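Below: one structure, written as structure tokens.
None of the figures in this text is laboratory data; all of them are computed from the coordinates on show. Just so it is clear, the structure is predicted and the values come from calculations on it, not from any experiment. Methodologically, a virtual Cβ is constructed for each residue, glycine included, from the backbone with ideal geometry; neighbour enumeration extends over all protein chains shown.
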Amino acid sequence: MTNFAYVATSLDGFIATPDDGLDWLSDVPNPDQSDFGFAEFMATIDAVVMGRRTFEKVLTFETWPYTKPVCVLSRTLRRPPDSPAGAVTLARGAPRRIVADLARRGYENLYVDGGRTIQGFLREDLIDELIITRMPVVLGRGIPLFGPLEHVLRFEHRRTEVYHDALVKSFYRRAR
Ligand SMILES: NC(=O)c1ccc[n+]([C@@H]2O[C@H](COP(=O)([O-])OP(=O)(O)OC[C@H]3O[C@@H](n4cnc5c(N)ncnc54)[C@H](OP(=O)(O)O)[C@@H]3O)[C@@H](O)[C@H]2O)c1
């Protein structure tokens with residue numbers, strides 16, 4: 001069982017501008033339309049667990065990016081939201097319980113997405129792999145990837161890939 005966070009950040013650690021803007025993610029020219037390893041990563045996971053705010057942003061994309069079942073976390077949504085890929089499931093509560101419930105349904109390797117959602121998982125030490133792609137931009141303000149933690153969490157660097165001499169994608173594994 002592995003929980004992954006797979007995110008792109010600015011150099012100063014933001015995952016979106018304050019108004020949820022993601023245009024800065026496509027500032028680097030990408031003539032061959034590379035997905036920078038996203039499909040390969042998607043093949044390794046069983047389900048996506050994302051915060052309600054990330055889900056709402058993804059609904060504005062032209063294409064649905066996921067090939068695996070999606071579980072949206074929310075305390076405000078009353079029923080599972082629809083998505084272009086069909087119904088998604090809805091969950092709430094302590095991340096540890098959410099992970100256990102999904103494992104019982106056969107979803108063991110999870111892609112955890114959304115800033116506050118990842119922070120909630122980190123607070124319970126439930127992120128095993130951090131895959132962070134740093135974009136060459138300082139946003140100055142925005143939605144942060146990380147937040148306060150009760151304990152220091154150490155990670156081991158596994159490898160780093162550089163795309164187009166610009167995007168720096170680093171793979172870290174929780175040192176337990
Ligand atoms: N750069 C990237 O790679 C990347 C990746 C993902 C997202 N983003 C961007 O990040 C922004 C969204 O991140 P965010 O930090 O604002 O929010 P988020 O984590 O996507 O969503 C936060 C919401 O998720 C729900 N939630 C989280 N944990 C929960 C739990 N344990 N139980 C029940 N509900 C839970 C709550 O929804 P309710 O308020 O409904 O209770 C909470 O308000 C968007 O702009 C998105 O586009 C960027």
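A few comments on the model shown:
- Flag for R134 being under 28 Å from G21 (Cβ atoms), charged (D, E, K, R), in contact (Cβ under 8 Å) with a residue 40 or more places away in the chain and touching a helix residue (DSSP H, G or I) at 6+ places or on another chain (Cβ under 9 Å): no
- Restricting T117, T133, T89 to residues that are within 27 Å of E62 (Cβ to Cβ), in contact with a Gly (Cβ under 6 Å, 6 or more places away or on another chain) and among the polar types (S, T, N, Q) narrows the list to T117.
- Scanning segment 61-120 for residues that are in a loop (DSSP other than H, G, I, E, B), away from the ligand (no atom under 12 Å from the Cβ), within 18 Å of the chain's Cα centre (by Cα) and of a type in the set (A, V, I, L, M, F, W, C) returns W64, V88.
- Residue among I15, I45 that alone is outside any strand (DSSP E or B) and surrounded by 18 or more Cβ atoms within 10 Å (Cβ to Cβ): I45
- Conditions (1) within 10 Å of the ligand (Cβ to nearest atom); (2) of a type outside the set (D, E, K, R); (3) under 30 Å from G140 (Cβ atoms); (4) touching a Leu at 6+ places or on another chain (Cβ under 9 Å): number failed by G13: (1)
- Flag for D165 being charged (D, E, K, R) and either within 10 Å of the ligand (Cβ to nearest atom) or touching a Cys at 6+ places or on another chain (Cβ under 8 Å) (or both): no
Yes or no, residue by residue, for (1) over 19 Å from V49 (Cα atoms); (2) of a type in the set (V, I, T):
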| residue | (1), (2) |
| --- | --- |
| R105 | no, no |
| D113 | no, no |
| I143 | no, yes |
| E150 | yes, no |
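- Qualifying residue in segment 82-100 (condition: closer than 25 Å to A39 by Cα, basic (K, R) and either touching a Phe, Trp or Tyr at 6+ places or on another chain (Cβ under 8 Å) or in contact (Cβ under 8 Å) with a residue 24 or more places away in the chain (or both)): no
- Subset of segment 64-79 [more than 18 Å from D20 (Cβ to Cβ), loosely packed, with under 13 Cβ neighbours inside 10 Å and among the β-branched types (V, I, T)]: T67
- Hits in segment 18-36 - residues which are in a loop (DSSP other than H, G, I, E, B) and of a type in the set (S, T, Y): S34
- Residues (within 11 Å of the ligand (Cβ to nearest atom) and surrounded by 11 or more Cβ atoms within 10 Å (Cβ to Cβ)) located in segment 19-34: D20, G21, L22, W24, L25
- Residue check: R141 meets all listed conditions (1) at negative phi; (2) among the charged types (D, E, K, R); (3) surrounded by 14 or more Cβ atoms within 10 Å (Cβ to Cβ) but one, namely (3).
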